[in-house]
Amino acid sequence: MSESNPETTPVPPEQPVQRQVTVDATKAHAAYSNFCRVTGTPEELIVDFGLNAQPMGVPTDPIEVSQRIVINYYTAKRLLAALQMSLQRHEAAFGVLETDVQKRVKPGMVRQAVPRS
(Lines give C-alpha, C1' and ligand atoms only; values in the text may rest on other atoms or scores of the structure.)
Protein backbone atom coordinates (compact mmCIF):
# COMPACT_ATOMS: atom_id res chain seq x y z
CA MET A 1 0.00 0.00 0.00
CA SER A 2 1.50 3.29 -1.03
CA GLU A 3 1.21 6.30 1.14
CA SER A 4 0.49 9.69 -0.34
CA ASN A 5 2.85 12.48 0.64
CA PRO A 6 0.84 15.71 1.06
CA GLU A 7 3.86 17.83 0.09
CA THR A 8 4.18 16.21 -3.36
CA THR A 9 0.49 15.66 -4.17
CA PRO A 10 -0.58 18.34 -6.67
CA VAL A 11 -3.52 20.42 -5.52
CA PRO A 12 -5.78 21.71 -8.29
CA PRO A 13 -5.98 25.52 -8.28
CA GLU A 14 -9.23 26.95 -7.02
CA GLN A 15 -11.35 28.46 -9.75
CA PRO A 16 -12.64 31.95 -8.95
CA VAL A 17 -16.39 32.10 -8.67
CA GLN A 18 -17.85 34.52 -11.22
CA ARG A 19 -21.02 36.24 -10.20
CA GLN A 20 -23.39 38.22 -12.37
CA VAL A 21 -24.12 41.77 -11.26
CA THR A 22 -27.80 42.62 -11.41
CA VAL A 23 -28.53 46.11 -12.73
CA ASP A 24 -31.83 47.94 -12.33
CA ALA A 25 -31.96 50.66 -15.02
CA THR A 26 -35.61 51.62 -14.50
CA LYS A 27 -34.65 55.04 -13.06
CA ALA A 28 -31.84 55.75 -15.52
CA HIS A 29 -31.96 58.98 -17.50
CA ALA A 30 -30.60 58.86 -21.03
CA ALA A 31 -29.33 61.97 -22.78
CA TYR A 32 -27.24 62.58 -25.89
CA SER A 33 -23.92 64.35 -25.45
CA ASN A 34 -21.26 65.50 -27.88
CA PHE A 35 -19.27 67.44 -25.28
CA CYS A 36 -17.58 66.44 -22.06
CA ARG A 37 -15.33 68.19 -19.58
CA VAL A 38 -13.35 66.48 -16.85
CA THR A 39 -12.25 68.27 -13.70
CA GLY A 40 -11.38 66.87 -10.33
CA THR A 41 -10.22 67.03 -6.77
CA PRO A 42 -7.69 64.82 -5.00
CA GLU A 43 -10.56 62.49 -4.04
CA GLU A 44 -12.83 62.38 -7.09
CA LEU A 45 -13.38 63.22 -10.74
CA ILE A 46 -16.18 65.41 -12.01
CA VAL A 47 -17.34 64.63 -15.55
CA ASP A 48 -19.75 67.11 -17.16
CA PHE A 49 -21.73 66.21 -20.28
CA GLY A 50 -23.55 68.59 -22.58
CA LEU A 51 -24.68 69.38 -26.09
CA ASN A 52 -22.42 71.56 -28.25
CA ALA A 53 -24.67 73.02 -30.92
CA GLN A 54 -21.61 74.42 -32.74
CA PRO A 55 -19.20 71.48 -33.06
CA MET A 56 -17.03 73.19 -35.73
CA GLY A 57 -14.46 75.56 -34.25
CA VAL A 58 -14.86 77.38 -30.96
CA PRO A 59 -18.52 77.76 -29.97
CA THR A 60 -19.75 81.32 -29.51
CA ASP A 61 -22.69 80.28 -27.33
CA PRO A 62 -22.13 78.69 -23.93
CA ILE A 63 -22.40 74.89 -23.81
CA GLU A 64 -25.14 73.90 -21.44
CA VAL A 65 -24.10 71.05 -19.14
CA SER A 66 -27.02 68.66 -18.79
CA GLN A 67 -25.45 65.83 -16.80
CA ARG A 68 -22.71 65.72 -14.15
CA ILE A 69 -21.19 62.51 -12.88
CA VAL A 70 -18.94 62.56 -9.80
CA ILE A 71 -16.87 59.40 -9.37
CA ASN A 72 -13.90 58.27 -7.32
CA TYR A 73 -10.62 57.44 -9.03
CA TYR A 74 -11.06 53.67 -8.63
CA THR A 75 -14.37 53.77 -10.50
CA ALA A 76 -12.84 56.13 -13.07
CA LYS A 77 -10.06 53.62 -13.75
CA ARG A 78 -12.58 50.80 -14.23
CA LEU A 79 -14.64 53.08 -16.52
CA LEU A 80 -11.50 53.90 -18.53
CA ALA A 81 -10.75 50.19 -19.01
CA ALA A 82 -14.34 49.46 -20.08
CA LEU A 83 -14.36 52.38 -22.53
CA GLN A 84 -10.97 51.39 -23.98
CA MET A 85 -12.18 47.84 -24.55
CA SER A 86 -15.40 49.05 -26.19
CA LEU A 87 -13.54 51.50 -28.45
CA GLN A 88 -11.01 48.85 -29.49
CA ARG A 89 -13.86 46.52 -30.50
CA HIS A 90 -15.60 49.32 -32.42
CA GLU A 91 -12.43 50.36 -34.26
CA ALA A 92 -11.62 46.74 -35.09
CA ALA A 93 -15.04 46.40 -36.70
CA PHE A 94 -15.48 49.83 -38.31
CA GLY A 95 -12.04 51.48 -38.54
CA VAL A 96 -10.13 54.05 -36.54
CA LEU A 97 -12.14 56.94 -35.10
CA GLU A 98 -10.71 60.37 -35.96
CA THR A 99 -11.37 62.77 -33.09
CA ASP A 100 -10.20 65.89 -34.95
CA VAL A 101 -13.34 67.26 -36.62
CA GLN A 102 -11.30 69.19 -39.19
CA LYS A 103 -9.70 65.96 -40.44
CA ARG A 104 -13.12 64.30 -40.82
CA VAL A 105 -14.71 67.07 -42.89
CA LYS A 106 -14.34 66.68 -46.65
CA PRO A 107 -13.25 69.82 -48.53
CA GLY A 108 -16.21 71.69 -49.97
CA MET A 109 -18.69 70.03 -47.60
CA VAL A 110 -18.66 72.78 -44.97
CA ARG A 111 -21.37 75.35 -45.51
CA GLN A 112 -20.90 78.90 -44.34
CA ALA A 113 -23.07 79.75 -41.39
CA VAL A 114 -25.87 82.12 -42.28
CA PRO A 115 -25.92 85.07 -39.89
CA ARG A 116 -29.12 85.37 -37.88
CA SER A 117 -30.99 88.64 -38.17
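The values are calculated or read from the model by the stated rules, or taken from the named source; none is laboratory data. What you see is a predicted model; the values in this text were computed from it and never measured. Reconstructed Cβ throughout: ideal geometry from the backbone, glycine too, with neighbour counts over all protein chains shown.
General remarks:
- Count of the range 31-56 residues which are surrounded by fewer than 10 Cβ atoms within 10 Å (Cβ to Cβ), more than 15 Å from the chain's Cα centre (by Cα) and not hydroxyl-bearing (Ser, Thr, Tyr): 2
- Flag if residue 85 is of a type in the set (A, V, I, L, M) and at pLDDT 95 or above: yes
- Scope the range 57-69; condition touching a residue at least 24 places away in the same chain (Cβ under 8 Å) and exposed (fewer than 12 other Cβ atoms within 10 Å of the Cβ); matching residues: none
- Checking residue 101 against (1) at pLDDT below 80; (2) touching a strand residue (DSSP E or B) at 6+ places or on another chain (Cβ under 7 Å), the condition it does not meet: (2)
- Summed over the range 53-72, residues that are among the small types (Gly, Ala, Ser) and under 20 Å from residue 28 (Cα atoms) total 1.
- Counting only residues that are in a loop (DSSP other than H, G, I, E, B) and farther than 23 Å from residue 102 by Cα, the range 16-70 holds 19 of them.
- Given (1) surrounded by fewer than 10 Cβ atoms within 10 Å (Cβ to Cβ); (2) closer than 21 Å to residue 33 by Cα; (3) among the hydrophobic types (A, V, I, L, M, F, W, C), number of the condition residue 105 does not satisfy: (1)
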